[in-house]
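Some notes on the structure that comes next.
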Amino acid sequence: MSVLIFAENWDGKFKKSTYEAISYGAELAKQAGGSVTAVVVGNVSDEDMKALGKYGAQKVLSVKNDKLNAMNPSAYASAIAQASQKESAKIIVISYTYSGRSVAGRVAVRMKAGLVAGATALPSSTSPFTIRKKCFSGKGLTDVVVSSDVKVVGLTPNSYKVNTADGSASIESFTPTFSDADFASTSKETKKTSGKIPLTEADIVVSAGRGLKGPENWGMVEQLAELLGAATACSKPVADVGWRPHHEHVGQTGITIGPNLYIAIGISGAIQHLAGVSSSKVIVVINNDKEAPFFKAANYGICGDAFEVVPKLIEEVKKFKSAH
Amino acid sequence: MKFLVCITQVPDTTTKITFTPDKKAFNAAGVQFIINPYDEIALTRALELKETLGGTVTVINVGQAVTEANIRKALAIGADDAIRINTEPTDAYYVAFQIAEVAKKNGYDVILTGKESIDYNGGQVPMMLGELMGLPSVSVATKLDINGTVATLEREIDGGKEVVETKLPFVAGAQKGMAEPRIPNMRGIMTARTKPLTVVEPAACDLLSSSVLFDSPAAKGECKMIDPNNVGELVNLLHTEAKAI
Ligand SMILES: Cc1cc2nc3c(=O)[nH]c(=O)nc-3n(C[C@H](O)[C@H](O)[C@H](O)COP(=O)(O)OP(=O)(O)OC[C@H]3O[C@@H](n4cnc5c(N)ncnc54)[C@H](O)[C@@H]3O)c2cc1C
């Protein structure tokens with residue numbers, strides 16, 4: 001039973017979510033005694049492609065085509081579907097990043113495959129093929145049974161560990177065929193949120209809410225985030241009034257995140273906010289109201305004024321960083 | 001220009017989510033259902049575009065008769081007519097398949113959905129619909145403008161935004177930013193009652209996946225409170241106990 005993994009790259013570089021998907025696919029193949037192939041679309045160096053072997057890929061199908069340098073859902077889905085046919089893959093693993101979300105459904109339809117949109121673990125059973133995912137914006141979990149012959153797993157980033165061992169993957173160049181319809185949409189421009197760690201990939205997130213009173217007070221939030229190598233986030237009202245950009249808004253109507261550590265400063269912990277952050281592994285809440293609902297969802301809490309606590313925390317983190 | 005907006009109903013965002021004792025289904029007793037917030041954004045943008053470009057806005061829902069109150073709400077917000085495909089939605093493929101069957105017959109220029117429904121959070125209906133209809137599709141779109149037969153969209157990507165250009169017809173999933181949802185006015189509510197709502201029966205479709213069991217996330221343990229005058233203790237615990245830094 002062979003497993004195919006879409007090894008996504010960003011401007012020619014792989015990221016942690018790519019390695020998670022390969023580690024996940026390799027574990028599935030190991031359990032079933034099958035081969036592990038990664039498909040790479042775009043210009044990635046041979047060295048980086050071979051290195052996918054460290055995470056369990058045996059072979060890399062490398063698709064290079066100038067028309068594919070920017071993500072195009074239909075064309076990428078064509079490439080992935082043809083690669084899976086070539087490998088007779090029974091399971092296709094796609095990290096559920098923004099691009100992954102864009103191609104997974106199209107691949108599933110082409111392969112007539114059932115899709116787990118946002119898996120958070122390995123299958124709990126392989127017959128029937130059952131995988132757990134979140135539902136109701138993190139307020140529930142559901143077991144999805146995929147009954148089709150070919151299966152697509154959209155793996156939630158940050159939910160499976162990266163496994164490494166010695167290994168080097170072989171590289172095979174692969175030339176899928178495309179139709180004109182594959183290129184009916186084109187990428188015109190990308191606007192990067194400069195220099196910052198993308199929220200969905202961050203291990204640590206420092207987030208703040210209306211308790212900070214105004215945008216001029218975010219300096220300490222950014223400083224703490226920088227010290228911890230964290231991304232910054234905010235609650236909805238803060239983005240709504242323009243104190244922070246919309247792409248930082250987490251929650252039910254914003255981004256859903258699951259970092260290792262989420263530090264919430266001056267956020268009350270409304271149910272819609274919790275929906276987006278409740279899968280964080282460790283939650284720290286700093287709030288001056290001991291009745292704030294967020295404390296009920298937290299692992300560690302400090303009841304105090306953010307304007308006193310956060311500067312102290314910055315000093316303590318500095319001390320810690322210089323000692324470690 | 002013909003717009004089609006796909007809508008679904010979901011539990012109100014303040015709902016405490018519980019499941020039936022056998023864990024096989026969502027416990028809908030006493031729950032208030034609303035139009036999926038992202039679908040409302042899609043609907044509003046379609047109405048705004050119709051106001052400048054002319055045309056019609058049709059809403060479509062895959063669901064049983066209970067969804068008609070929310071379909072009428074979409075008509076009250078301003079859609080011209082509605083189609084309900086009379087069946088219980090099972091997975092994204094099933095929903096996309098049913099909509100594609102109807103949409104292929106009627107021919108639309110622009111098909112919009114929400115970026116995801118806030119109950120199953122799959123976000124796959126727009127992409128599957130695009131694939132089933134052989135049309136380009138854009139997921140998580142924060143902007144949409146139409147100029148002649150070309151649409152310009154902005155979509156979220158990892159670490160930024162991307163501007164995408166596509167020929168009409170196309171499918172897109174709406175994200176916050178595309179429009180500010182509208183509240184129905186009195187006139188809208190009055191006229192909604194008499195706007196056409198057509199019920200069609202579903203087409204035969206393979207079942208590829210299904211949700212067989214539901215559970216609530218494990219409750220967090222007790223929150224450890226730390227003295228605000230001893231913030232160093234937090235750093236220490238995050239390192240030694242939580243192993244988070
Ligand atoms: C349909 C819908 C969808 C929504 N989606 C989202 C969503 O996606 N994300 C989201 O975040 N919200 C969402 N909301 C809004 C949500 O209900 C809350 O209103 C919002 O999360 C509150 O933001 P906040 O915690 O920043 O502000 P507040 O509720 O005003 O809380 C501020 C907190 O700061 C504390 N505080 C004040 N001063 C200090 C100080 N000096 N030091 C320390 N603490 C202090 C207060 O005790 C309070 O707990 C949604 C609401 C609806 C109806």
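Only residues that are near the ligand (Cβ under 10 Å from one of its atoms) and within 10 Å of chain B (Cβ to nearest Cβ) were counted across the stretch A:242-285, and they come to 12.
One line per residue, one yes/no per condition, for (1) more than 24 Å from A:THR200 (Cα to Cα); (2) outside any helix (DSSP H, G or I):
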site	(1), (2)
A:ILE5	no, yes
A:GLN31	yes, no
A:VAL39	no, yes
A:GLU47	yes, no
A:LEU61	yes, yes
A:MET71	no, yes
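Is it true that B:LYS224 is more than 25 Å from B:LYS115 (Cβ to Cβ), at the interface with another protein chain (Cβ under 9 Å from one of its Cβ atoms), in contact (Cβ under 8 Å) with a residue 12 or more places away in the chain and in contact with a Phe, Trp or Tyr (Cβ under 9 Å, 6 or more places away or on another chain)? For B:LYS224, the condition - more than 25 Å from B:LYS115 (Cβ to Cβ), at the interface with another protein chain (Cβ under 9 Å from one of its Cβ atoms), in contact (Cβ under 8 Å) with a residue 12 or more places away in the chain and in contact with a Phe, Trp or Tyr (Cβ under 9 Å, 6 or more places away or on another chain) - is met. Here A:SER187, A:SER168, A:SER159 are screened, and the one residue that is outside any helix (DSSP H, G or I) and facing chain B (nearest Cβ under 9 Å) is A:SER187. What residue, among those in the stretch A:216-241 that are more than 13 Å from the ligand (Cβ to nearest atom) and touching a residue at least 24 places away in the same chain (Cβ under 8 Å), is surrounded by the fewest Cβ atoms within 10 Å (Cβ to Cβ)? Per the stated criteria, the residue is A:GLY229.
Checking each residue of the stretch A:297-304 against the condition of being near the ligand (Cβ under 9 Å from one of its atoms) and surrounded by fewer than 23 Cβ atoms within 10 Å (Cβ to Cβ) gives at least one match. Filtered by the rule that a residue be assigned to a helix (DSSP H, G or I), out of contact with any Asp or Glu (no Cβ under 9 Å at 6 or more places or on another chain) and surrounded by fewer than 17 Cβ atoms within 10 Å (Cβ to Cβ), the stretch B:208-245 gives B:HIS239, B:THR240.
If you filter the stretch B:64-101 down to residues that are in a strand (DSSP E or B) and in contact with a Ser or Thr (Cβ under 6 Å, 6 or more places away or on another chain), you find that the one that is farthest from B:GLU131 (Cα to Cα) is B:ASP81. Any residue at all in the stretch A:113-121 that's at the interface with chain B (Cβ under 9 Å from one of its Cβ atoms) and assigned to a helix (DSSP H, G or I)? No, the stretch A:113-121 has no match at all.
Against the definition (at pLDDT 95 or above, in a strand (DSSP E or B) and buried (at least 18 other Cβ atoms within 10 Å of the Cβ)), how does B:ALA151 come out, yes or no? Yes: the conditions hold for B:ALA151.
Based on this model, can you work out whether A:ARG132 counts as surrounded by fewer than 23 Cβ atoms within 10 Å (Cβ to Cβ), assigned to a helix (DSSP H, G or I) and out of contact with any His (no Cβ under 7 Å at 6 or more places or on another chain)? Considered against the rule, which asks whether it is surrounded by fewer than 23 Cβ atoms within 10 Å (Cβ to Cβ), assigned to a helix (DSSP H, G or I) and out of contact with any His (no Cβ under 7 Å at 6 or more places or on another chain), A:ARG132 comes out as no.
Reported count of residues in the stretch A:301-315, each being of a type outside the set (Val, Ile, Thr) and touching an Asp or Glu at 6+ places or on another chain (Cβ under 9 Å), is 2. Close Cβ contacts (under 6 Å, 6 or more residues apart or on different chains) running from residues in the stretch A:135-152 that are at negative phi to residues that are among the acidic types (Asp, Glu) and in a strand (DSSP E or B) comprise A:LEU141/B:ASP215.
The values are calculated or read from the model by the stated rules, or taken from the named source; none is laboratory data. As the structure is a computational prediction, the values presented were derived from the model and not from experiment. Every residue, glycine among them, receives a Cβ derived from its backbone with ideal geometry; neighbour counts consider all protein chains shown.
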